[in-house]
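Worksheet: the structure to be examined is printed underneath.
Readers should treat all values here as calculations from the given coordinates under stated rules, not as data from a laboratory. Keep in mind that what you see is a predicted model, and the values were worked out from it rather than measured. Here Cβ is always computed from backbone atoms with ideal geometry, including for glycine, and neighbour counts include all displayed protein chains.
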2 protein chains.
Amino acid sequence: MRAEMLTSILRNLNGTSADIEACAVISIDGLMMAAQMPHGLDEDRVGAMSAAMLSLGERTAKELARGVMEQVLVKGDKGYILMTNASKDAVLTVVANANARLGLIFFDVRKAADEIGKVLV
Amino acid sequence: MRAEMLTSILRNLNGTSADIEACAVISIDGLMMAAQMPHGLDEDRVGAMSAAMLSLGERTAKELARGVMEQVLVKGDKGYILMTNASKDAVLTVVANANARLGLIFFDVRKAADEIGKVLV
């Protein structure tokens, strides 16, 4: 079952760091494909904001000659939101708190996104 | 002269790394306050995309409980665009190529944004 495989990848990703508060696989039109949201973030809201950021991120990368968009990171004083292309149809969104080590998060998220890409062929 | 001080900060930032292709100070409504764009990027385009990304980044940080937005990063396969709050009225946008070391860029850009904040009080 693909749904279970996606959930399993997300559960593993969540387990790599206590600073990851939530993660989700979202279709490029903003619909939830799988999610781990123990901290009560609203799934629809995460989906909608991810789709909007990605769409604008893609346009920004193109307009400013940065090639194909791979990731968008938003840093607030209370944490991070990292959106990563997982396949041509889906994105992996991770919400982390302010203690998160960005280098580690980038590394683990890239790995998880590759696994998701293999599930969603 | 503030314009000269801003230009000087941008010139220094550009000089910290050969991987920084362009940088600019942009008002939150997308107008150029100062710019170093030797690679022929269009100023209006950089201003417009920065303002749009920041506005959506701010909303995303707020909706997903990440506090006050500080930075937005877009990573493409040909490089990075990093937008950093410099003051309540202005943002520092940096366009870098794919060889850029993100840790160093973050460090230098944060320093330059603080200097810009002191000019635009």
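Is the range A:42-91 rounded, prolate or oblate when judged by the Cα gyration tensor, a ≥ b ≥ c being the square roots of its eigenvalues, rounded requiring a/c under 1.5 and prolate requiring a/b larger than b/c? Oblate shape, in that a/c is at least 1.5 and b/c is the bigger or equal ratio. Using C-alpha pairs below 8 Å separated by at least 6 residues, the relative contact order for chain B is 27 percent.
Looking down the axis that turns chain A into chain B, the chain A residue with its beta carbon nearest that axis, and the gap rounded to whole angstrom, comes out as A:LEU73, 2. Label-to-label distances for B:SER27 across copies, nearest first, come out at 4.2 nm, using points 7 Å from Cα in the beta-carbon direction. Shown for A:LYS88: label points 7 Å from Cα along the beta-carbon vector, and their distances to the equivalent points in the other copies, 4.8 nm in ascending order.
Per residue of peptide B:78-86, the mean number of Cβ atoms on other chains within 10 Å of the residue Cβ is 4.
A Gaussian network model of chain A, with springs between Cα atoms under 10 Å, assigns the largest mean-square fluctuation among A:ASP89, A:ASP42, A:ASP29 to A:ASP42.
Loop-located trypsin sites (Lys or Arg not before Pro) across the range B:52-121 with a Cβ neighbour count of 12 or fewer within 10 Å are B:LYS88, B:ARG101, with loop assigned by DSSP. Working note: Karplus 6.51/-1.76/1.60 with θ = phi - 60° gives the range A:81-88 the couplings 10, 10, 10, 10, 4, 9, 8, 5 Hz, where Gly and Pro are set to x. Once you reduce the range B:1-16 and the range A:3-23 to the center of their Cα atoms, the two points are 43 Å from each other. Using only the Cα atoms of the range B:57-121, build the gyration tensor, take square roots of its eigenvalues as a ≥ b ≥ c, and label the shape rounded, prolate or oblate: rounded if a/c is under 1.5, else prolate if a/b is larger than b/c, else oblate. Verdict is oblate for the range B:57-121.
Rounded is the label for the range B:2-119, because a/c, from the alpha-carbon gyration tensor with a ≥ b ≥ c as root eigenvalues, stays below 1.5.
Distances from A:LYS111 to itself in the other copies, using label points 7 Å out along the Cα-Cβ axis, amount to 3.3 nm in increasing order.
Of A:ALA96, A:ALA35, A:ALA48, the residue with the greatest mean-square motion in the GNM of chain A, using alpha carbon springs below 10 Å, is A:ALA48.
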